[in-house]
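Step one of this worksheet: look at the structure below.
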Amino acid sequence: MLTPLTGRSVIVTGGSKGIGRGIAKVFAARGARVTIAARGEEALRRTADELNAAGGRVRWAVCDVADWESVRRMVDEAAEVQGGLHVMCANAGIFPQVKIVSMTPDDWDHVMATNLRSAFLAVKAAIPHFEKAGGGRVVLTSSITGPVTGYPGWSHYGASKAGQLGFLRTAAMELARYNATINAVMPGNIITEGLQDLGQEYLDQMAASIPLKRLGSVEDIGHAALFFASDEAAYITGQMLVIDGGQIIPESLAAIADI
Ligand code: NAP
């Protein structure tokens, strides 16, 4: 049983939907005060209402995670309202599919800014608050795609997710002086609004390649993020956890055909 997070101040970027909403839900259920941040106001409001109706203490903030001023303002306001900042879940991300032959330099830059630059901005904005609090936790949402696997159309996405892990290792050293840790969750295929947009054929194909024979839930990722943010994980930093139902293990589809 992990120590409850009662009163801890948490930010979850991309908390209006999908994995971010799952992370926010798990933290709110453990007593944390949570700010969910994203661009779209309607989904933010809906998710905050839903989590508050279940007993959470959740506020929302409009923010573009690729924009420094927007991130700095969102983080400073959350810290002011929530009594500091203890946990930063840098989760927001996009995964548009386009093959290299058709990809424009702008396509590449947009994914890099949303997925990788955002990790740097979130950590940079959190540091002064971790210093004030005497410690802190960062949880990045990376992916199996890029660090471990590849998929046609996701060269920019995979590079951004692998890039997050390169950032994480040096950030772990630099954050140590603030008594802060940084770790990454690496989801496999998790049922979210974004993943459903890829279509049923994609979802079926993925489920068939997972030894546990199901796609993941957003709470599956929320629980892993909760562990990294817990008191019990105080001595873990610069590390990654794959949460994928075993998807990266089989050497072929035949290997799991009759398990
Ligand atoms: P999702 O359902 O599409 O939700 C994405 C969230 O990020 C939304 O809240 C979205 O809100 C927000 N967002 C996107 N761009 C933003 C920006 N520029 N500024 C602020 N917020 C932004 O996606 P998801 O499947 O939950 O994915 C969440 C994270 O998990 C991503 O980093 C993704 O790469 C990673 N991941 C997902 C899977 C999976 O299977 N689902 C697997 C591996 C990794 P707005 O659009 O309103 O801003």
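Computed values, structure above
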{"quantity": "CD proxy at 222 nm, helix term only [per DSSP H run n ≥ 4: -39500 (n - 2.57); per residue of the chain; nearest 500]", "calculated": "-13500 deg cm²/dmol"}
{"quantity": "The range 158-259 - Rg over Rh from alpha carbon coordinates, Kirkwood radius", "calculated": "1.05"}
{"quantity": "Order by protection proxy (mean Cβ within 10 Å, highest first), peptides 19-26, 92-99", "calculated": "19-26, 92-99"}
{"quantity": "Cross-link pairs beyond the 23 Å C-alpha cut-off, checked among K99/K213; K99/K161; K17/K161", "calculated": "K99/K213"}
{"quantity": "Label zone at D258, where the point sits 7 Å out along the Cα-to-Cβ direction: the range 194-231 residues whose backbone N lies under 18 Å", "calculated": "211"}
{"quantity": "Sulfur and carbon atoms: percent of accessible area, the range 111-259 [1.4 Å]", "calculated": "57"}
{"quantity": "Stretch gain in nm, segment R214-I248, where the contour uses 0.36 nm per residue and the Cα spacing is subtracted", "calculated": "10.9 nm"}
{"quantity": "Integer Hz, Karplus 6.51/-1.76/1.60 couplings in order for the range 114-127, x for Gly and Pro", "calculated": "6, 9, 10, 3, 4, 5, 4, 5, 5, 5, 4, 5, 7, 3"}
{"quantity": "Interchain or long-range residues, amide H under 5 Å from A180's placed H", "calculated": "G136"}
{"quantity": "Burial order of peptide ranges 189-196, 211-218 (average beta-carbon count within 10 Å, highest first)", "calculated": "189-196, 211-218"}
{"quantity": "Nearest 10 degrees, 0 to 90: helix 18-29 Cα axis against the chain principal axis", "calculated": "40"}
{"quantity": "For the range 150-158, 3J(HN,Hα) per residue [Karplus equation, 6.51 cos²θ - 1.76 cosθ + 1.60, θ = phi - 60°, Hz, x = Gly/Pro]", "calculated": "x, 7, x, x, 10, 5, 5, 4, x"}
{"quantity": "Net charge of neighbours whose Cβ lies under 14 Å from the Cβ of G166, counting Lys and Arg as +1 and Asp and Glu as -1", "calculated": "+2"}
{"quantity": "Whole-angstrom gap from the range 234-250 to the range 129-208, using each part's C-alpha centre", "calculated": "10"}
{"quantity": "Distance between modelled label sites at E41 and A54, nm, 7 Å Cα→Cβ extension", "calculated": "2.6"}
{"quantity": "Folded to 0 to 90 degrees: helix 41-53 orientation relative to the chain principal axis, Cα", "calculated": "70"}
{"quantity": "The range 1-110 - percent of accessible surface contributed by carbon and sulfur, probe 1.4 Å", "calculated": "51"}
{"quantity": "1.4 Å probe accessible area per residue over the chain, in Å²", "calculated": "47"}
{"quantity": "Where only C-alpha atoms are counted, convex hull volume of the chain per residue in Å³", "calculated": "131"}
{"quantity": "Calculated FRET efficiency for the pair K99/F227, C-beta based, R₀ 51 Å, to 0.05", "calculated": "0.90"}
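The values are calculated or read from the model by the stated rules, or taken from the named source; none is laboratory data. What you see is a predicted model, and the numbers here were worked out from it, not measured in a lab. Cβ coordinates were reconstructed from backbone atoms using ideal geometry, including for glycine residues, and neighbour counts include every protein chain displayed. Surface accessibility is based on the protein's heavy atoms, side chains included, excluding ligands, DNA and RNA. Shrake-Rupley method; radii C 1.70, N 1.55, O 1.52, S 1.80 Å.
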